[in-house]
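Okay, so here's the structure we're looking at.
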Amino acid sequence: MHNDLFSNPIFNFLAVTIVLALPLLLGAMGGLTSERSGVINIGLEGMMLIAACACSLAGQKHGPIAGLAAGIFAAIILALLHWLMTQVYRIDHVISGMAINAFGAGGSNFLFNRFYDTTQSASSPMLPIWIYKWIAFLVPIGMWIYLKKTRGGLHLMAVGNDPDKARLVGIQPLKVRFVALLATGIFTGLGGVALVTDTGIFTDDMTAGKGYIALAALILGGWRPIPAMLACIGFAFFSALRLQLEGNQHLPQIPSEAWSSIPYLVTIIALAGLLGKTKAPAGLGKP
Amino acid sequence: MNWRLVALIVGSLALLAGAVMMAGASPAVALSTLFKGSLGSPQAISGTLRESTPLLIAGLAVFLSLRAGLFNIGVEGQLIVGACACSVIALRFPGPIGIILGTLGAMIAGALWALPAALIKAYRNGHEVITTIMLNNIAGYFTGYLVAGPIRAPGQQNTTTADITPSTHLPNVFNNGPLTVNIGIFVGIVLAILAALWLKRTVAGYELQTVGANSTAAKLAGIRTERVIVKAMLASGAIAGLGGAIQVLAYEGRFYLGFSPGYGFDGLGIALLAGGSAYGVIPAGFLFGVLAKGGVSLGIQQIPKGITVVVLGMAILIAAAIRYRKVKTVA
Amino acid sequence: MRGITQRFGAVTALDNVDLEVEKGAIHAIVGENGAGKTTLMRILYGAQRPTEGALEIDEQSVEFATSKQAIAAGIGMVSQHYGIIPELSCLQNLILGAEGGLIIDSAKATERAQALATKMGFEFDWPALAATLSPGATQKLEILKLLWRNARIMILDEPTAMLSPADGDALFASMRQLASEGATVLLVTHRLPEVMDHCSRVTVLRGGKWVAEKAVSETNTKELAQLIVGTSEPFPVLAATPVASQKEGLKIENLVVRGERGEDKLKSVSLTAKRGEILGIAGVDGSGQRELFHAIAGTLSPKSGEISMDGAAWTKASTADRIEGGLRVIPEDRHAEGVVEAWSLEENSALGLQRLPALAKGPWVDLEARKTWAEQVAAKFKTRHGGLGLPMASLSGGNQQRFVAARALEMSPQLILAFQPARGLDLGGSAHVYQAIRGRVTAEAVAVIVSFDLDELLEHCDRIVVMNRGRLSEPSPGQGKDRDAIGRLIVGVT
């Protein structure tokens, strides 16, 4: 029996927007903890991808909860690798991020093709998606509280603004960033799992740039949790709009590729129009 | 060599060996397959040189941008639009004219594709990594649309343009039976040498590298950093476009959906491996060519191709770790 | 502290140094740059572990592996380069590292902060960002930080380096108050007047070794200076007479520079600096001198106003054009603005001069000429280095500064624009640099020197002007070298 509300196209549109926003939201929060601690992180894409892959692999064999755990675990590994490379080996943060993306892409391709049992059904069992909807909207609020009201949050901001001065008062940037990147792994892991939860099927490169769009949303939001959340919803809105209008008879013949390009175009325009005013954490990239 | 670096290299190799074994092959066999498949015969060597050509040029494009302090990850998209433009022009103007015009058109297309990212970085400080990656995606969609519709070869089911005439191909330099070497690879090598000389011996090259090394000092040194950034990105894009053109004119003879298997991304690895001098791009490009050609043979061994991307990541990290060692105070 | 020895590889920073300080005293530690003062204090603060030696507090042996332990033992340090993070609020800066629990209770913290501040006679807007604080206020916040953590032993490392004379006096008033309540204050400084005015005892270090310890009442600045430098003769200061010149020199008219937040950083500044003279620009950090510096260099565009050199308009000229016209810059921060640490000395020698005909043949770099030039630059101030092909990072800070200064002075400078040109150099090195500047100026160049150290300017400049809150003022005729008069201008008292 259908409730009138649920077949309302606007409601439908909102629902689609929210689902599309989930990986962006969680990815952006993962980027937030990292960058607010001073670690540039463009590797969100790779982390989400490997999480999605691990989730579908483990889910197939051991069920949805194992899938969730495996996804988060995989993302944490890549996130901590990023910590190791940037903090211990002192490698340029952007380079390390690109390497993480390479590991995510190559690793997920390798593992999936090697281990996925194609004789069984194409999709792995997943937890219901409303769980992730709740998480994805609670996390930004939680981060906001964390930054404003806790000791850990203050230490994070101190390290992200000036690690040397933080050292003077006895804070250890190395440790703070470890915890920060651990959180990045958890959030991006959740993001990757949320991404694959929709259909249960993992495909090569299924993130398709969402990690970068999440980062762009973070930048647009001035590295603050609530504005970043709004930016993510904004981006998701355009993606949803594309799905809605594609193939619509009333509109002129616009090729599907043009529609696919919209989220990326919007990102570029956003970065061109608004950057220069927002302030990045002052210590981004400092050892 | 410090122990940390050694740990990194050993760890990577161990991981690789483990992955190979996971895929059901032995690392020793995998390694020999790799080398046999890339260097073990005249055909293999021809194939490796062929693979190396676009890699070398893409690597050079990224290298140049890196020297200016920019991460041009957009080489992928710039190469594709360059190749697309070249094929369209070469079809329209067959023969040597087509080669010249096609190449020029490709370079312009590549530079144009880098322009938005260049401007946003120079004047809005928008991170070029994100903008260029976005442009990559759009390039894929845009050329995909073109090659499925307006420029598709008439009567073709596949998404591809028509083949260019044989007279529009770049000639082979060697044609000794199984060993064929196209002039394209030499174009790449010469380009790398020219770039190295330009960077070392011209004032403009010096100023570009200053911007990349310390943009604040560059300003005080009288350098107009915004202009240098834009020019560097445009040049980088043009070189990438050139790579696409060479790929069409020397080897492929046409443009099709899925033209690039990720040359742009590999370009970053090559640029990092090259170290501080453009000359280094040449051996780095060959190394990746070996990996690419040999990787095909590996695929026959049931090892998923994702592993070459993982190797790429490891190479990037190791190269970067070597670059960033600390300098001791002497005086 | 007994027998403290600190070695960094081949360098012995401290050699068997003893230090004994009484509770409730204000004890000075003096010495040249590189004498080891800061290193000794860092050891006390736990930021450094001594290679050898022992620490005792209240007759009990202690050892600090980290600053955290030192802080717990009641030691606090206010370092030269402030530890205040501008992007955080005043309250956040105050409690950072000593929040007292996982959750931050802002109300309670503000209460305690306010109590401490009132006790010292300070005032703060706690939620405001620390970026809004003046240098004097920042210093006060640093002191409150120590009090917040119940510090009983306070180390002040060159605290007045960037303060106006008035702020400096206020600082010492606070120190006296704290000392009278039983706190122990260690003052690291190279300003002898401060030592004589405010301290009870003084320890002298030279070249990492303990040289002397005296009661302030039993010595004087001359004796202390001799102990510090180790020779009986102070460095001869060249008497300077401005050279009369036909050419006009630098002229700035009604320059206005707008800052990031819309406020005017330079408010209609006008000045002239004639050829043959050395002009000093004094003022507290943040008064606009940095903006003036960059406007002259061409790296900051003014909103309105004119700049000209020898009558030729420079307002729209690019930095490259100005360099061609003879501008030579010694920047404030050589690491961020003057050198590329990873590049060789030779490559660095051309920085800023790369287009000049001496180093370039049209679009080509003249590699031979550059090599010769690099040798010349290195030789000028006897920069110690391990080879011109080695990276700049292989040089110590002082040697890097020598290199940068020489680079600016050796290729026919017409306008020398310098920001603390002797930064990081000891008395000898500093004298050499200023001698060289004077030499060039006598040969008809003009020099504009920005510094926070009024004494440095008084010693070496012909004329001094003062920046305060974006405005330029000049001392009245006859008071051109009057320290007190200029000090008043620096603070804004007319």
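Taken together, the values in this text are just the output of simple stated rules run on the coordinates, not laboratory data. All values reported here derive from a predicted model rather than from experimental measurement. We place every Cβ from the backbone using ideal geometry, glycine too, and count neighbours over all the protein chains shown.
Between C:SER304 and C:ALA107, what is 0.36 nm times their sequence separation minus the Cα-Cα distance? Round to one decimal in nm.
Details: separation 197, 0.36 × 197 = 70.92 nm, distance 4.62 nm.
Here the segment from C:SER304 to C:ALA107 would lengthen by 66.3 nm.
What FRET efficiency would be calculated for the residue pair A:TRP144, C:ASP321, taking the C-beta separation as r and a Förster radius of 51 Å, to the nearest 0.05? Spell out each step's value before the answer.
Working: r = 50 Å, r/R0 = 0.98.
For R0 = 51 Å, the calculated efficiency reads 0.55.
What are the ³J(HN,Hα) couplings of the range A:54-67, residue after residue, when phi is run through the Karplus curve with 6.51, -1.76, 1.60 and θ = phi - 60°? Round to Hz, x for glycine and proline.
Working through the residues one at a time gives 4, 4, 5, 5, 5, x, 5, 7, 10, x, x, 5, 4, x Hz.
Over the range B:137-274, how many percent of alpha carbon pairs lie in each 5 Å bin up to the one with the longest distance?
Taking every Cα pair in the range B:137-274, the percentages come to 2, 8, 12, 16, 16, 14, 12, 9, 6, 4, 2, 0, 0.
Mind pulling up the Rg/Rh value for the range C:72-120? Radius of gyration and Kirkwood radius, both on Cα. Walk me through the intermediate numbers first.
Details: Rg = 11.9 Å, Rh = 12.3 Å.
Taking Rh as the inverse mean 1/r over Cα pairs, Rg/Rh reads 0.97.
What does the charge count near C:HIS335 come to, summing +1 for each Lys or Arg and -1 for each Asp or Glu among other residues with Cβ under 12 Å from its Cβ?
Working: positive: C:ARG334, C:ARG423; negative: C:GLU332, C:ASP333, C:GLU337, C:GLU341.
Net of charged neighbours comes to -2.
Report the FRET efficiency, 1/(1 + (r/R0)^6), for B:SER277 and C:ALA336, where r is their Cβ-Cβ distance and R0 is 22 Å, rounded to 0.05. Walk me through the numbers on the way to the answer.
Details: r = 26 Å, r/R0 = 1.18.
Once rounded, the FRET efficiency stands at 0.25.
Check which residues have an amide H placed less than 5 Å from C:LEU415's amide H, if you skip close sequence neighbours.
Those lying under 5 Å, H to H, from C:LEU415 are C:LEU327, C:ARG328, C:VAL446.
Charges on Cβ only, +1 for Lys and Arg, -1 for Asp and Glu, centred on the Cα centroid of the range B:83-235; of B:LEU91, B:THR216, B:ALA117, which one is farthest towards the dipole's positive end?
Highest projection toward the positive end goes to B:THR216.
Which residues does the label zone of B:SER167 cover in the range B:85-109, counting backbone N under 12 Å from a point 7 Å along Cα→Cβ?
It comes to B:93-99, nothing else.
Quick one: which residues, 5+ away or cross-chain, put their amide H under 5 Å from the amide H of C:GLY280? H built at 1.01 Å from N.
C:ILE449, C:ASP462, C:ARG463, C:ILE464, C:VAL465
Which three extents, in angstrom, do the Cα atoms of the range B:1-75 have along their principal axes, listed largest first?
Here the Cα extents, ordered largest to smallest, are 42, 40, 24 Å.
Ratio of Rg to Rh for chain C, alpha carbon only, Kirkwood?
Numbers: Rg = 24.0 Å, Rh = 24.5 Å.
A ratio of 0.98.
How long are the three semi-axes of the equivalent ellipsoid of the range A:35-149, in whole Å, if each is the root of 5 times an eigenvalue of the C-alpha gyration tensor, listed from largest down? It would help to have the intermediate numbers written out before the result.
Values: eigenvalues 149, 91, 17 Å².
After diagonalising the Cα gyration tensor, the semi-axes are 27, 21, 9 Å.
Lysines within cross-link reach of C:LYS303: Cα-Cα under 26 Å, excluding same-chain residues under 8 positions apart?
A:LYS277, A:LYS279, B:LYS121, B:LYS219, C:LYS251, C:LYS265, C:LYS267, C:LYS274, C:LYS316
Please compute the contact order of chain C in relative form: average sequence separation of alpha-carbon pairs under 8 Å and at least six residues apart, divided by the residue count, as a percent. Show your work: numbers first, answer last.
On the way: 921 pairs, mean separation 76.6, N = 494.
Averaging sequence separation for qualifying contacts and normalising by length gives 16 percent for chain C.
Which aspartates and glutamates, on any chain, are close to C:LYS119 with Cα under 13 Å apart, when same-chain ones fewer than 8 places away are left out?
Result set, ordered by chain and number: C:GLU111, C:GLU181.
Taking the Cα atoms of the protein assembly as shown alone, what are Rg (to one decimal) and Dmax (as a whole number) in Å?
Values for the protein assembly as shown (Cα only, Rg and Dmax): 32.5, 105 Å.
Return the loop-located GluC sites (Glu not before Pro) in the range C:108-195 (DSSP other than H, G, I, E, B) with at most 15 other Cβ atoms within 10 Å of their own Cβ; answer none if there are none. Walk me through the intermediate numbers first.
Values: sites: C:GLU111, C:GLU123, C:GLU142, C:GLU181, C:GLU194; in loops: C:GLU123, C:GLU181.
The qualifying sites are C:GLU123, C:GLU181.
Taking 10 °C and 1.306 mPa s as the conditions, I'd like the Stokes-Einstein D for the range A:15-274 in µm²/s, using the Kirkwood hydrodynamic radius from alpha carbon pairs. Numbers along the way, then the final one.
Numbers: Rh = 18.5 Å.
The diffusion coefficient I find is 86 µm²/s.
Would you calculate the separation in nanometres between label points at C:THR221 and A:LEU265, each defined as 7 Å from the Cα along the Cα-to-beta-carbon direction?
Here the modelled spin labels are 7.2 nm apart.
Scanning chain B for helices, which whole DSSP H stretches are 24 Å or more long along the axis (Cα) and average -1.0 or more by Kyte-Doolittle? Before the final figure, lay out the partial values.
On the way: long enough: B:3-22 (28 Å, 2.00); B:42-67 (36 Å, 0.78); B:75-92 (25 Å, 1.47); B:96-124 (42 Å, 1.38); B:128-148 (29 Å, 1.04); B:183-201 (27 Å, 2.09); B:225-246 (31 Å, 1.15); B:281-300 (29 Å, 1.70); B:306-323 (26 Å, 2.29).
Helices meeting the span and hydropathy rule in chain B are B:3-22, B:42-67, B:75-92, B:96-124, B:128-148, B:183-201, B:225-246, B:281-300, B:306-323.
In whole Hz, what ³J(HN,Hα) sequence does the range C:16-29 give by Karplus (6.51, -1.76, 1.60; θ = phi - 60°), x for Gly and Pro?
Values, residue by residue: 6, 9, 10, 8, 10, 10, 7, 5, x, 9, 10, 10, 9, 10 Hz.
Explain nothing, just the number: relative contact order of chain B, from Cα pairs under 8 Å at least 6 residues apart, as a whole percent. Present the calculation step by step, with values, prior to reporting the outcome.
Working: 573 pairs, mean separation 112.1, N = 331.
This gives 34 percent for chain B.
Mind jotting down the three principal axis lengths of the range C:2-229 based on Cα atoms? Whole angstrom, largest first.
Computed over the range C:2-229, the largest-to-smallest principal extents equal 50, 37, 31 Å.
Starting from the Kirkwood radius over alpha-carbon pairs of the range B:1-141, derive D by Stokes-Einstein at 25 °C in a medium of 0.890 mPa s and give it in µm² s⁻¹. Numbers along the way, then the final one.
Values: Rh = 18.4 Å.
So the translational diffusion coefficient is about 133 µm²/s.
Placing one identical point scatterer on every Cα of the range C:250-491 and ignoring solvent, what is log10 I(q)/I(0) from the Debye formula at q = 0.09, 0.10, 0.12 Å⁻¹?
-0.38, -0.47, -0.67
Considering all projection directions equally, how large on average is the shadow of the alpha-carbon convex hull of the range C:369-429, in square nanometres?
Working: hull surface 17.8 nm².
Answer in nm², one decimal: 4.5.
Would you mind pulling out the separation of the Cα centroids of the range C:37-110 and the range B:28-94, in Å?
That distance is 55 Å.
Return the distance in nm (one decimal) between the two label points of a simple spin-label model at B:ASN125 and C:ARG469, each offset 7 Å from Cα along Cα→Cβ.
The modelled label-to-label distance comes out at 2.8 nm.
Just how many % of Cα pairs in the range C:417-494 lie over 16 Å apart, if you round to the nearest whole percent?
Details: 1574 of 3003 pairs.
Summing the P(r) tail past 16 Å for the range C:417-494 gives 52 percent.
Spin-label point model (7 Å from Cα, Cβ direction): what's the C:LEU367 to B:GLN302 distance in nm?
5.5 nm
Could you pull out which residues in the range C:39-79 have an amide N less than 19 Å from a spot 7 Å beyond the Cα of C:ASP18, following the Cα-Cβ vector?
C:40-41, C:44, C:51-62
Which FRET efficiency value, to the nearest 0.05, is calculated for A:THR118 and B:ARG227 with the Förster distance at 56 angstrom and r the Cβ-Cβ distance?
Numbers: r = 54 Å, r/R0 = 0.97.
The value I calculate is 0.55.
Return the Rg/Rh ratio of chain B with Cα-based radii and a Kirkwood Rh.
Working: Rg = 20.4 Å, Rh = 20.7 Å.
Here Rg/Rh amounts to 0.99.
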